[in-house]
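The next block holds one structure in the form of structure tokens; read it before the comments.
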Amino acid sequence: MAEVLSQRGRPLRTSLSRDDLIQGGGLLAMAAFLLVTMLLPLLWIFSRSFEDGDGSFVGLANYLKYFSTPALVTSAEHTLTIGVITTVIVVG
């Protein structure tokens, strides 16, 4: 946006029009909608990771069990390796 200067060389303050306020409100509403529809399900899934099959809180036991399984650790290592290789190829 171009700056409008007064006779003394200082910038004049421009006011927002009704259309600017409607556009800003619409953008904020869409951002809030996307945040709620994406963040709330992710938080729900994350909170479920601290529970067992019956819904009892078990803390980090699920994560310890996951990372102590050799097949899953190998799978995670392969995933990270592919990610690093892909990043090197794409960035290079």
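The values are calculated or read from the model by the stated rules, or taken from the named source; none is laboratory data. A quick note: this is a predicted structure, and the numbers were derived from the prediction, not measured. Cβ sites come from the backbone with ideal geometry, for glycine too, and all protein chains shown count toward neighbours.
Overview of results
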| read-out | value |
| --- | --- |
| Residues satisfying the stated conditions in segment 59-92, i.e. of a type in the set (Val, Ile, Thr) and either surrounded by fewer than 10 Cβ atoms within 10 Å (Cβ to Cβ) or modelled with pLDDT of 90 or more (or both) | Thr79, Thr81, Ile82, Val84, Ile85, Thr86, Thr87, Val88, Ile89, Val90, Val91 |
| Positions within segment 10-51 being part of a loop (DSSP other than H, G, I, E, B), within 25 Å of Tyr66 (Cα to Cα) and touching a strand residue (DSSP E or B) at 6+ places or on another chain (Cβ under 8 Å), in sequence order | Phe50 |
| Search result, residues across segment 55-73 that are among the hydroxyl-bearing types (Ser, Thr, Tyr) and under 16 Å from Ile45 (Cβ atoms) | Tyr63, Tyr66 |
| Residues of segment 52-67 that turn out to be part of a loop (DSSP other than H, G, I, E, B) and among the polar types (S, T, N, Q), as a count | 1 |
